[in-house]
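Have a look at the structure below, then the notes.
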Amino acid sequence: MNSVSGRYVHQDHLRPFLDKIKTQFEVAQAGLSIQNNSIDKITLGEGPVKILMWSQMHGNESTTTKAILDLLNTFYIGSDTSDDLLKRLTLIIIPMLNPDGAYAYTRENANKVDLNRDAQDLSQAESVILRREFEAFAPDFCFNLHDQRTIYSAGSNPKPATLSFLSPAADPSREVTGSRLSAMKVISGINRELQQLIPGQVGRYDDAFNPNCVGDAFQMSGTPTILVEAGHFPEDYGREKTRMFVYKALWTALQAIASDSYHSESKTNYFNIPENKKLYYDFLIRNAQILDKKGSPPYSAGILFREELISNRIHFRPYIEKKGTLPEYYGHQSFDCLNEEELEKLRKKEEITRLFLNG
């Protein structure tokens, strides 16, 4: 599905593909967003095990949407394996729950509400649509698909959390309920497969309980729910490589659920996945005082990108997030200004050096 790429993905990008797959799968309107944009759902398969997936609940989190299109395309093209899966599974997929936020490239919906904090109030049309689908379908598994920022490392190791997973808590004590355990086992199997592709780059998301989050709310109901967070892969700000790993994760999960092989996994392996830590900057500059030319004492600068929608493209604008010694942090790109070669490379990045000269 190379026709849909990049970070800015909205409903107009999905429409040609959804029109194409209508010849094989049921594509229907689940409801309308606050701004009356269609929220579509795709139903496929005829198996007894039911799976509900939704993506782009946050409008600026598009990587898993692209992976869902890849997944649907695999089923559309067909193979012995995919055909067998559709005999064992029935899937309902909502590729874009928040089309208004997707157009505006915002986390929130048109009413500036975070849909992933609306699971109890159900104050927004989009939240009501998802809950209605959940209750009518009564899925055996749910997949809650998101993006996470570039700041996350997989534990304390100098590797980014390219993908992170969570079996959400179902109560404040974070007890391992039956539904949590099933989700943990599926995640354990996914992690084992991903370690062959991105060793050390899989993290476990924080499981602090919040009943207003959709994953926690569905887990409370006794439905195994899996949170997928698509993160950073080196030099992949368009998240096309991460997209591939999300696709692999979803395909692995469907196979494990369809075959019941996930039962052989353990919660120990799940908890062995390192928990995410916020240890990364997009740029980490050591001895940055050399750039600002103000006679400052030695310091390091952690720089992050702010994503801005300009003329239908996402632009990455750097800003200095933190100054200090920063010994425990990593950079997706790191420079030490005491190194003449690195300093010269850095000076060619005008938007970065301007931060210091103008600051």
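Data for the structure
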{"read-out": "Bins of 5 Å from zero: percent of alpha-carbon pairs in region 235-298", "value": "3, 11, 10, 14, 15, 11, 9, 7, 6, 5, 4, 3, 1"}
{"read-out": "Shape of region 11-134, Cα gyration tensor, a/c cut at 1.5", "value": "prolate"}
{"read-out": "D (Stokes-Einstein, µm²/s), Kirkwood Cα radius, region 207-332, 0.692 mPa s at 37 °C", "value": "176 µm²/s"}
{"read-out": "Fully extended contour minus Cα-Cα distance, from residue 349 to residue 316, at 0.36 nm per residue", "value": "10.6 nm"}
{"read-out": "Residue-wise HN-Hα coupling along region 267-276, computed from phi with Karplus coefficients 6.51, -1.76, 1.60 (Hz; x: Gly, Pro)", "value": "5, 4, 5, 5, 6, 6, 5, x, 6, 3"}
{"read-out": "Size descriptor, Kirkwood hydrodynamic radius, that averages inverse alpha-carbon separations across region 11-278, Å", "value": "18.3 Å"}
{"read-out": "Karplus-derived 3J(HN,Hα), 6.51/-1.76/1.60, for each residue of region 328-333, Hz, glycine and proline x", "value": "8, 9, 10, x, 4, 10"}
{"read-out": "Charge dipole (debye, nearest 20) of region 231-318; +1 at Cβ of Lys and Arg, -1 at Cβ of Asp and Glu", "value": "360 debye"}
{"read-out": "Relative contact order (%) - criterion: Cα under 8 Å, at least six apart; region: the chain", "value": "16 percent"}
{"read-out": "Cα point-scatterer Debye curve for region 280-357, base-10 log of I(q)/I(0) at q = 0.11, 0.20, 0.24 Å⁻¹", "value": "-0.28, -0.84, -1.15"}
{"read-out": "Alpha-carbon centroids, region 278-317 and region 24-57: separation in whole Å", "value": "40 Å"}
{"read-out": "Kirkwood hydrodynamic radius of region 318-359, from inverse mean 1/r over distinct Cα pairs, in Å", "value": "11.4 Å"}
{"read-out": "Reciprocal of mean inverse Cα separation for region 68-162 (Kirkwood radius, Å)", "value": "16.3 Å"}
{"read-out": "Footprinting exposure proxy for 93, 290, 187 (fewest neighbouring C-beta atoms within 10 Å first)", "value": "290, 93, 187"}
{"read-out": "Set 112/322; 20/267; 22/112; 248/278; 185/322 screened for pairs whose C-alpha atoms are more than 30 Å apart", "value": "20/267; 22/112; 185/322"}
{"read-out": "Antiparallel content of DSSP bridges confined to region 11-278, in %, to 5", "value": "45 percent"}
{"read-out": "Note, ³J(HN,Hα) from phi for region 15-20, Karplus 6.51, -1.76, 1.60, rounded to Hz, x at Gly and Pro", "value": "4, x, 5, 5, 5, 5"}
{"read-out": "Residues of type lysines that residue 241 reaches as a straight line, Cα spacing below 21 Å, ignoring anything fewer than 8 places off in the same chain", "value": "66, 159"}
{"read-out": "Sequence of 9, 214, 4 once ranked by neighbouring C-beta atoms within 10 Å, starting from the fewest", "value": "4, 9, 214"}
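Throughout, read-outs are computed from the coordinates displayed, never taken from laboratory work. Only a predicted model underlies this, so the values are computations on that prediction, with no experimental measurement involved. Cβ atoms come from the backbone with ideal geometry, glycine included; neighbour counts cover every protein chain shown.
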